[in-house]
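Here the structure comes first, spelled out in structure tokens, and everything after it is commentary.
What follows is calculated from the coordinates using simple rules that are stated; it is not laboratory data. Computed from a predicted model, the values in this text were never measured in an experiment. Ideal geometry is used to build each Cβ from the backbone, glycine not excepted, and the neighbour counts take in all protein chains shown.
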């Protein structure tokens, strides 16, 4: 079922949310978070993904992105598809106490979908919201960085490793991002 949240303008800046099927908390494990980091980095270097901000939570990911080549839907399709394959392989081939339970849920989610023959990691939606103003960008940037604080994981946004909050606090983050400085898109620094 399609929601109204679709990538229409392939050259636009978007706030995206990817959620794991059945809200399975895959990303409580470092190995799966690292797969996402590796895939985001690859998409930046090889697919033209411009990443402004991100956060990896236990069962979902938020991104502020654009595609350099005006093909955002293609980049996101590739990111979700390849990361799914790697996550499934990691579940199968590394110590995972919840292996059978997770694979059962991923297999159930794939049932009835022609796109997924065996397992489905991500829901088909991206909850894409076009960034229509500088204030909306800043609102979503703060929302992303405050997610781990609201979840009680950290007290300060920059303490959470798997987000771009460090980058916006003039520190080295786990992943390079295109930090929006004062005057770019009319957005002031978030912190």
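What to note about this one:
- Net length available on complete extension from residue 107 to residue 176 is 21.4 nm, with 0.36 nm assigned per residue and the Cα-Cα distance removed.
- The long axis of helix 134-150 is offset from the longest Cα principal axis of the chain by roughly 50 degrees.
- Axis of helix 30-46 versus longest Cα principal axis of the chain: the two differ by about 60°, to the nearest ten degrees.
- Counting neighbouring beta carbons within 10 Å and listing from fewest to most, the residues 100, 25 come out as 100, 25.
- A protection proxy built from the mean count of other Cβ atoms within 10 Å ranks the segments 119-131, 35-47, most packed first, as 119-131, 35-47.
- Mean-position separation - Cα centroids, region 4-82 and region 105-168, in angstrom: 8
- Pairs of C-alpha atoms in the chain farther apart than 28 Å represent 24 percent of all such pairs.
- Projection of the Cα convex hull of region 1-58, averaged over all directions and equal to a quarter of that hull's surface, yields 5.0 nm².
- Simple label model, 7 Å out from Cα along Cβ direction - residue 136 to residue 124, nm: 2.5
- Note on region 1-110: Cα Rg divided by 2.2 N^0.38 Å, N the number of residues, gives 1.10.
- If R0 is 22 Å, the Cβ-Cβ spacing of residue 143 and residue 98 corresponds to a FRET efficiency of close to 0.15.
- GNM flexibility winner over the chain from 111, 81, 12 (Cα, springs under 10 Å): 111
- Normalising the average separation of contacting C-alpha pairs (under 8 angstrom, six or more residues apart) by the number of residues puts the relative contact order of region 1-100 at 34 percent.
- Taking the longest Cα principal axis of the chain as reference, the axis of helix 99-110 is set at about 80 degrees.
- Structure remark: mean-square fluctuation, Gaussian network model of the chain, C-alpha springs under 10 Å; the largest value among 148, 157, 95 belongs to 95.
- Ratio of the Cα radius of gyration of region 119-183 to 2.2 N^0.38 Å, where N counts its residues: 1.27
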